[in-house]
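This report refers to the structure that appears directly beneath it.
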Amino acid sequence: MSGKSTIFRKMCAASDAERDAGLTTPPEVERFDDIQYGTHSKWHLLDVYRPKNLRGKLPVIVSFHGGGWVYGDKNVYQFYCMELAKRGFAVVNYSYRLAPEDRYPAPYEDTNEVFRWLLENADNYGFDTDNIFGVGDSAGALGIAIYALIVTDPGYAKNYSFAPPKGLKLRGLGLSCGLYKVKDSRTVTTLRDFLRDEDYPGVLDKLNLIELAGRDFPPCFIMTAVGDFLRGEAPLLEQRLGKVGVKYESKVYGTEDEPLGHVFHCNVRLPEAAQANDDMCAFFRTLISE
């Protein structure tokens, strides 16, 4: 692992621990923890969260966590994901293998197994498989978007050795503070730890979302913040989706006086995070098929 990635892991861990200090499971949420979805005993684990006041099948959100491909797991995202569950969704919050120990395309292989597990266990956890949504932020926004390409574009899917589960349809995506123009990757130095030396830089073409998203790409809610260092990525994706005719809604949160920062929406204590998560879930509801 590069020195920069080691520092990045330590910095993120300290910041996330401070952000979530003192938080507990909301009383409105029931949770099912540490469910194994694959063969790896450490990384192939997921949680399911549901609102206690709703029975039966619910639309489901799957969260591809951020962390620059080298950091994070489901525990870091539990409070954010439970906030989404409070808004009337079943939420699948999973860990996946990290770089540099496991490089590209390991997270997409793992994500494919998560969706396979979801479809196979829909009755057990009350998942409405006609209304499946994906969310991700930072590197996770690109992650869930690339997986959506695999699901919606058979030609692109040929780049991978696995096939998406039969019948899987992604109703929409929530993309937050994401990286989308991967060719211009200098802003995310951990990308080099994600890609094998023999793959770099050629594989960047396979991850450059703003040149790959086509007309069958899922509708998107795109959010960023005034103080987000990746703020300039969102307009590039908007332009691409508009060009190919994909429905999207885009919002920028914060002001110049109170700019907010990268992945602000994960800080569930912030009123702006609550608003952003309300807005995303409202967008998803417009897409739900009865």
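The values are calculated or read from the model by the stated rules, or taken from the named source; none is laboratory data. This is a predicted model, so every value here is computed, not measured. In this analysis, Cβ positions are derived from the backbone assuming ideal geometry, glycine residues included, and neighbour counts consider all displayed protein chains.
Structure notes:
- In a residue-by-residue description of segment 98-118, the property of being within 19 Å of residue 192 (Cα to Cα), of a type in the set (Gly, Ala, Ser) and out of contact with any Cys (no Cβ under 9 Å at 6 or more places or on another chain) applies to at least one position.
- Restricting segment 231-290 to residues that are of a type in the set (Asp, Glu) and part of a helix (DSSP H, G or I), the residue that is farthest from the chain's Cα centre (by Cα) is 272.
- Taking the listed residues 16, 47, 20, the one that is closer than 30 Å to residue 169 by Cβ and of a type outside the set (A, V, I, L, M, F, W, C) is 47, with no other qualifying.
- Looking only at residues of segment 219-234 that are out of contact with any Ser or Thr (no Cβ under 7 Å at 6 or more places or on another chain) and under 20 Å from residue 246 (Cα atoms), we find that the one that is surrounded by the most Cβ atoms within 10 Å (Cβ to Cβ) is 224.
- If only residues of segment 223-265 that are in contact (Cβ under 8 Å) with a residue 40 or more places away in the chain and among the aliphatic types (A, V, I, L, M) are counted, the one that is farthest from residue 278 (Cα to Cα) is 236.
- Test set (1) touching a Gly at 6+ places or on another chain (Cβ under 8 Å); (2) closer than 27 Å to residue 59 by Cβ; (3) in a loop (DSSP other than H, G, I, E, B) - residue 228 fails condition number: (2)
- Test: residue 46 is of a type outside the set (Phe, Trp, Tyr), within 24 Å of residue 114 (Cβ to Cβ) and part of a strand (DSSP E or B): yes
- Flag for residue 79 being surrounded by 16 or more Cβ atoms within 10 Å (Cβ to Cβ), at pLDDT 95 or above and out of contact with any strand residue (DSSP E or B) (no Cβ under 8 Å at 6 or more places or on another chain): yes
- For segment 242-262, residues that are surrounded by fewer than 15 Cβ atoms within 10 Å (Cβ to Cβ) and hydroxyl-bearing (Ser, Thr, Tyr) total 1.
- For the residues 68, 88, the requirement of being at pLDDT below 95 and either touching a strand residue (DSSP E or B) at 6+ places or on another chain (Cβ under 7 Å) or surrounded by fewer than 24 Cβ atoms within 10 Å (Cβ to Cβ) (or both) singles out 68.
- In segment 63-96, the residues that are assigned to a loop (DSSP other than H, G, I, E, B), farther than 21 Å from residue 15 by Cα and among the charged types (D, E, K, R): 87
- Within segment 190-218, the residues that satisfy the criterion of being among the acidic types (Asp, Glu) and either at pLDDT 95 or above or crowded, with 16+ Cβ neighbours inside 10 Å (or both) are 193, 211, 216.
- Candidates are the residues of segment 263-283 that are touching a strand residue (DSSP E or B) at 6+ places or on another chain (Cβ under 8 Å) and over 16 Å from residue 61 (Cβ atoms); the one that is surrounded by the fewest Cβ atoms within 10 Å (Cβ to Cβ) is 275.
- Selection within segment 202-222 - free of Cβ contacts under 8 Å to residues at least 24 places away in the same chain and under 24 Å from residue 235 (Cβ atoms): 204, 205
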